[in-house]
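This report refers to the structure that appears directly beneath it.
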Amino acid sequence: WAWRAWPRRDEGTPLTLGTPLAAGTPPPQGTPQAGTWGLMPRAVCPPPRYSLYARTRLGYLFYQRQVKKARERYPHGHSVPQPYCFPGVKILPIPVLSNNYSYLVIDTGSSQAAVIDPSDPLAVQAAIEEEGVMLEAIFCTHKHWDHSGGNEALCQKHSSCRVYGSALDAIPRLTNPLTDREKVTVGCLTFEALATPGHTVGHMVYVLDGGPFGSPPCLFSGDLLFLAGCGRPFEGSPETMLASLDVAVSLGEDTLLWPGHEYALECLTFASLLELDNSALEQKLQWAVQQRQEKRSTCPSTLGEEQTYNPFLRTHRPELQEALGLWQAGGEDPDAFRARVLKEMRRRKDLYQAT
């Protein structure tokens, strides 16, 4: 099996296609078959290589290769995570693959736990055993293997574990399909699922209610939103992606953002090319440089912070529109103009990654 390298890394998708680990290795339940396209807006035409990764068995074989290489290169994870503890709840980021994060969320009173996007089942299982907790739920933001690849192995290990996610995505071992605004309880933890299509047609984010613990809400954003960045809209229009980003912003400025990837340094550097006089952005970039030099995680941030330096949340700002050379046409709907700004910014970000 010989495959060319992909030309660049795209947020939430792999860089290269490698050799499968073992011929004939069966993919887990829920693996899309070749030619499976799912529900897709007709106007959206994903790149061919993306379709190979997301909609054929080759994606699972590549995921296996990803896991193997990451375990060899980062035996202790790509970053040093910082657990967050509030009275009654603990959030443990688990650095997996080359830049992904899974999250173990623990109800410390009952020792019941949920995991968000278990990429590498061995890393997640090690965290479960170290914390001495019972895994009750897996919350998948979307179908991509770097977010769902550990579902099968963890379900085999934890027979009572339920897998939650959107029925619109082909999520492995999905047991409990969720709809927009549906809530799930794990011990004393309450998660709300929010439909945020764009990166995939069935992308969801999960919001942990911090009220009972005296903490702010926690947004587990998958590939919707990163520190200073956002995911590529592979399966949605700029208008769809903008609406999903607006859903995240509506959660409130104190909401803690727990993204699916460690992309802070790259995203902040790109943002600094657009806004040369943004002091909040400059300070955050300096901080991120120091964090990454020490291999420390940059999450969480807050949605309030993000709105001061994340260009994908600042499509309404005149200074950013001017930097992109865009002006609102007479009679143009404000949201349509913001979607046009988002599309141009996404195009420039993709070109920036390719250089």
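Most simply put, segment 184-261 has about 75% antiparallel DSSP beta bridges, counting only bridges with both residues inside it. Annotation: Ser159 carries an accessible surface of approximately 110 Å², with a 1.4 Å probe and no ligand, DNA or RNA atoms counted. Based on every Cα atom in segment 136-233, Rg and the maximum pairwise Cα distance Dmax equal 13.3, 38 Å.
Model label sites at Phe86 and Ala329, defined 7 Å from Cα along the beta-carbon direction, differ in position by 4.5 nm. Convex hull of alpha carbon positions in segment 158-209: directionally averaged projected area 3.8 nm². Considering only beta bridges that DSSP places wholly inside the chain, some 70 percent are antiparallel. Cα centroid separation, segment 60-89 to segment 107-128: 12 Å. Computing FRET efficiency as 1/(1 + (r/R0)^6) for Lys183 and Glu305, where r is the C-beta to C-beta distance and R0 is 25 Å, gives about 0.40. Just round it to a whole percent: the fraction of Cα-Cα distances in segment 63-161 exceeding 23 Å. Percent of Cα pairs beyond 23 Å in segment 63-161: 19. When all protein chains stay in place and ligands, DNA and RNA are ignored, the 1.4 Å accessible-area order of Asp277, Asp117, largest first, is Asp277, Asp117. Placing unit charges on the Cβ atoms of the charged side chains and taking the dipole of the chain about its Cα centre, the candidate lying farthest along the positive direction among Ser102, Gly304, Gly252 is Ser102.
Applying both filters, DSSP loop and at most 16 other Cβ atoms within 10 Å, to the GluC sites (Glu not before Pro) of segment 211-314 gives Glu253, Glu294. Rolling a 1.4 angstrom probe over the chain with all protein chains present gives an accessible area of which 53% lies on carbon and sulfur atoms. Between Gln66, Gln82, Gln283, the residue with the greatest mean-square fluctuation in the GNM of the chain (Cα pairs under 10 Å linked by springs) is Gln283. If one computes the Cα centroid of segment 131-151 and of segment 187-206, what distance in Å separates the two points? When both Cα centres are located, 13 Å separates them. Every pair of different Cα atoms in segment 261-355 enters the Kirkwood calculation, which places the hydrodynamic radius at 14.2 Å.
In the chain, helices alone account for a calculated mean residue ellipticity at 222 nm of -10000 deg cm²/dmol, with every DSSP H run of four or more residues adding -39,500 (n - 2.57).
Extension gain Ser110-Val247, at 0.36 nm per residue separation less the Cα-Cα distance, in nm? My answer for the length gained is 46.2 nm.
The values are calculated or read from the model by the stated rules, or taken from the named source; none is laboratory data. Since this is a predicted model, take the numbers as computed values, not measurements. Cβ coordinates were reconstructed from backbone atoms using ideal geometry, including for glycine residues, and neighbour counts include every protein chain displayed. The protein model used for the area step is the full one, side chains on, heavy atoms only, and it has no ligands, DNA or RNA in it. Shrake-Rupley method; radii C 1.70, N 1.55, O 1.52, S 1.80 Å.
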